[in-house]
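Heads up, the thing below is written out as structure tokens.
The values are calculated or read from the model by the stated rules, or taken from the named source; none is laboratory data. This one's a predicted model, so the numbers in the text were calculated from it and none came from an experiment. Cβ placement follows ideal geometry from the backbone for every residue including glycine, while neighbour counts extend to all protein chains displayed.
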């Protein structure tokens, strides 16, 4: 039976959908639980953000290595290994007894996700190389990607309030188990590994270390001013590590983590720059809105999650529209229109007030922003993998996922710090509201920059079918 399943593209699509939902869910499921996590384990107000950063940075920083490894060792092998590590790390995180243990478990989750996500996306790209089936497959992928991120807030809120914050970690274990079983018996190995050299582990460590140091330096500006020696030294170390990554990629005798020539493909470079900014805006907006509902409007975790449900449904609607419009409208126009619509929603979110409520401050902008976000996802993936050689689809997929996760961490660090500075030292509902409103307006501004990139950097519009 398993042998027959291996040759059904629908089975591969189902497995990839489950995997992407789980990976996306894990980035947002902890958001609503952060206040409870901070209280339960003794995190500081800024330290608790490392529950998010630890996952996003290891995920984003090692995705290129994961993509390269999937090209070399086989997509199915990396998928299964990543699922195993992801499930075990989730279990360990649920039993964490102090901040260090939880942050370490989240980092291990990110490593597992870095192995399985590019392998899954590469399997999807090679299983559905062109035509209407490709549009549909990437539409399903984008819907599950978006639904996992949005529903993660709902699931996290319900689990935090009615069970324990620990269940935001435990919830991944059954999903990882089911995905492992389905993938083991129902997914073909795909293209054989291309063994041109050993993957560049040093490059991966330099990239991850550089991004982590950069985020650390930005987050610490709540204690050390931008011009302080501490901040300047930290940022200088980050620059050195990232410059070292570029040098290693150019000179290594091993298989480079990413062939720098791939960025000569305008679709790849433009889509990843666009994706970095979208990731920064989306992760930050989830963070701000979750805290606004809980800390300004005094809404409980479960109800906060329910209030994010329209966003989740809107993303699915936008993804379905992208499938329908993908047969008629070029991908570039969908990327521009989707980002403009999402920016409009975030600017509306920026009008939140202390005396606001769900109907006046949340529902309308949630619908606008989520539909716009859904319109972006499928065309973005199709654009970023267009014209890439088959043996580099894993690398291209890893690069796309990496830019999203690194954007999420950098965006949260930068925009979160800006919001914190605007809030000031006196913490009241009014000052918190002002800080979150400023952060949401900055999210809208970031997306307008993404619109400019899509309009100018991407190649002439083509339908993403």
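Here's the yes/no breakdown for (1) in the same structural domain as residue 310 (by TED's automatic domain parsing); (2) farther than 30 Å from residue 331 by Cβ; (3) modelled with pLDDT of 85 or more; (4) out of contact with any helix residue (DSSP H, G or I) (no Cβ under 7 Å at 6 or more places or on another chain):
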| residue | (1), (2), (3), (4) |
| --- | --- |
| 100 | yes, yes, yes, yes |
| 141 | yes, no, no, no |
| 146 | yes, no, no, no |
| 150 | yes, no, no, no |
| 173 | yes, yes, yes, no |
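Taken over the range 175-220, residues that are assigned to a helix (DSSP H, G or I) and either at pLDDT 80 or above or under 24 Å from the mean Cα position of the chain (by Cα) (or both) amount to 30.
Listed here are the residues, each with its yes/no results for (1) in a helix (DSSP H, G or I); (2) farther than 27 Å from residue 325 by Cα; (3) at pLDDT below 80.
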residue	(1), (2), (3)
339	yes, no, no
363	yes, no, no
386	no, no, yes
398	yes, no, yes
411	yes, yes, no
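Quick grid of which residues meet (1) over 27 Å from residue 36 (Cα atoms); (2) within 21 Å of the chain's Cα centre (by Cα):
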{"site": "261", "(1), (2)": "yes, no"}
{"site": "266", "(1), (2)": "yes, no"}
{"site": "284", "(1), (2)": "no, yes"}
{"site": "295", "(1), (2)": "no, no"}
{"site": "299", "(1), (2)": "no, no"}
{"site": "314", "(1), (2)": "yes, yes"}
{"site": "348", "(1), (2)": "yes, no"}
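Please verify whether the range 79-93 includes one or more residues that are more than 18 Å from residue 175 (Cβ to Cβ), under 20 Å from the mean Cα position of the chain (by Cα) and either in a helix (DSSP H, G or I) or free of Cβ contacts under 8 Å to residues at least 12 places away in the same chain (or both). For the range 79-93, residues more than 18 Å from residue 175 (Cβ to Cβ), under 20 Å from the mean Cα position of the chain (by Cα) and either in a helix (DSSP H, G or I) or free of Cβ contacts under 8 Å to residues at least 12 places away in the same chain (or both): absent. On the stretch given as the range 24-64, residues that are surrounded by 24 or more Cβ atoms within 10 Å (Cβ to Cβ) and more than 19 Å from residue 410 (Cβ to Cβ) total 4. Flag not set for residue 269, criterion: in contact with a helix residue (DSSP H, G or I) (Cβ under 8 Å, 6 or more places away or on another chain), surrounded by 22 or more Cβ atoms within 10 Å (Cβ to Cβ) and at negative phi. Residue-level analysis places residue 406 among those that are assigned by TED's automatic domain parsing to the domain that holds residue 64 and within 16 Å of the chain's Cα centre (by Cα). Once the range 221-248 is narrowed to residues that are surrounded by fewer than 20 Cβ atoms within 10 Å (Cβ to Cβ) and closer than 26 Å to residue 71 by Cβ, the residue that is nearest to the chain's Cα centre (by Cα) is 242. For the range 287-326, filtering for residues that are surrounded by 20 or more Cβ atoms within 10 Å (Cβ to Cβ) and not in a helix (DSSP H, G or I) leaves 4.
If you check 335, 321, 276 for being more than 18 Å from the chain's Cα centre (by Cα) and on the phi < 0 side of the Ramachandran plot, only one passes: 321.
Please tell me if residue 329 is under 20 Å from residue 374 (Cβ atoms), over 23 Å from the mean Cα position of the chain (by Cα) and either touching a residue at least 60 places away in the same chain (Cβ under 8 Å) or not in a helix (DSSP H, G or I) (or both). So residue 329 passes the test. Looking across the range 96-142, the residues that are under 19 Å from residue 168 (Cβ atoms) and more than 17 Å from the chain's Cα centre (by Cα) come down to 96, 97, 98, 99, 100, 101, 102, 103, 104, 105. Quick one: count up the residues across the range 418-436 that are without any contact (Cβ under 8 Å) to a residue 60 or more places away in the chain and assigned to a helix (DSSP H, G or I). Number of matching residues: 6.
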